[in-house]
Amino acid sequence: MIEIGQLKQMQSFQGISDNALSYLAGVLQKRSYQDREPIFNEGTAGGDLYLVGQGAVRITKRAKEGEAQNLGVVPAGRFVGIMTFLSGGEHSADAGAKGESVLYLLDRASFDRFVEEYPADAVKILKLIIDELVDSLRGMNERYIDMVNYMWRWR
């Protein structure tokens, strides 16, 4: 379990009401991971949202040849598992702890209740989630453009 004071210190929960923070403190599940320990694997069922409380999470994807490709590192204070949390389905990549890490899991049913009970606070959190998703997409676009430019130089 996490204390309300800890939530208040996290940027992700700035501006969230005390009542909403109390609810979240009661439903967030604390998970501790050792360095390189898997958090979830590509192809497994998703739906939960993870907040990185301490440490970081490395996101990787296996290429067709089987080699793991690093997609990025998610630092403390950011969310992991956003796509399956929003849309359901299976994880599209692997996530593993980078160093000793603590994550807080929010299951979908608890979030749905949160939306019903604290809609204004839920909108603030959803905006943060969307901002992180947009940042991720922008980063992927930049890497894609860099790759295309690199390939064109060698033609």
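The values are calculated or read from the model by the stated rules, or taken from the named source; none is laboratory data. None of these values were measured; they are calculated from a predicted model. Every residue, glycine among them, receives a Cβ derived from its backbone with ideal geometry; neighbour counts consider all protein chains shown. The area values use the complete protein model at the heavy-atom level, side chains included, leaving out ligands, DNA and RNA. Shrake-Rupley method; radii C 1.70, N 1.55, O 1.52, S 1.80 Å.
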Looking only at the stretch 92-103, count every residue that is open to solvent by less than 50 Å² (accessible area, probe 1.4 Å) and part of a strand (DSSP E or B) and tell me the total. 8
Those residues of the stretch 1-44 which are touching a residue at least 24 places away in the same chain (Cβ under 8 Å) and β-branched (Val, Ile, Thr), in sequence order: Ile2, Ile16, Val27, Ile39, Thr44
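In the list Asp35, Asp18, Asp107, which residue meets the criterion of being among the charged types (D, E, K, R), over 12 Å from the mean Cα position of the chain (by Cα) and within 20 Å of Ile130 (Cα to Cα)? Break it down stepwise before answering.
Values: Asp35 fails: within 20 Å of Ile130 (Cα to Cα); Asp18 fails: within 20 Å of Ile130 (Cα to Cα).
Just a single option satisfies the conditions, and that option is Asp107.
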Take Val115 and decide whether it is among the β-branched types (Val, Ile, Thr), modelled with pLDDT of 90 or more and assigned to a strand (DSSP E or B). no
Being charged (D, E, K, R), out of contact with any strand residue (DSSP E or B) (no Cβ under 7 Å at 6 or more places or on another chain) and open to solvent by 30 Å² or more (accessible area, probe 1.4 Å): is that true of Glu142 here? yes
Selection count, the stretch 72-107, where residues are among the hydrophobic types (A, V, I, L, M, F, W, C) and free of Cβ contacts under 8 Å to residues at least 60 places away in the same chain: 10
Looking only at the stretch 14-29, decide whether some residue is open to solvent by 20 Å² or more (accessible area, probe 1.4 Å) and in contact with a Gly (Cβ under 8 Å, 6 or more places away or on another chain). no
Can we say Ser92 is touching a strand residue (DSSP E or B) at 6+ places or on another chain (Cβ under 9 Å) and either within 24 Å of Gln29 (Cβ to Cβ) or not hydrophobic (A, V, I, L, M, F, W, C) (or both)? yes
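Residues Gly66, Gly72, Gly89: which one is surrounded by fewer than 16 Cβ atoms within 10 Å (Cβ to Cβ), under 17 Å from the mean Cα position of the chain (by Cα) and at pLDDT below 90?
On the way: Gly66 fails: under 17 Å from the mean Cα position of the chain (by Cα); Gly89 fails: at pLDDT below 90.
Testing whether each residue is surrounded by fewer than 16 Cβ atoms within 10 Å (Cβ to Cβ), under 17 Å from the mean Cα position of the chain (by Cα) and at pLDDT below 90 leaves just Gly72.
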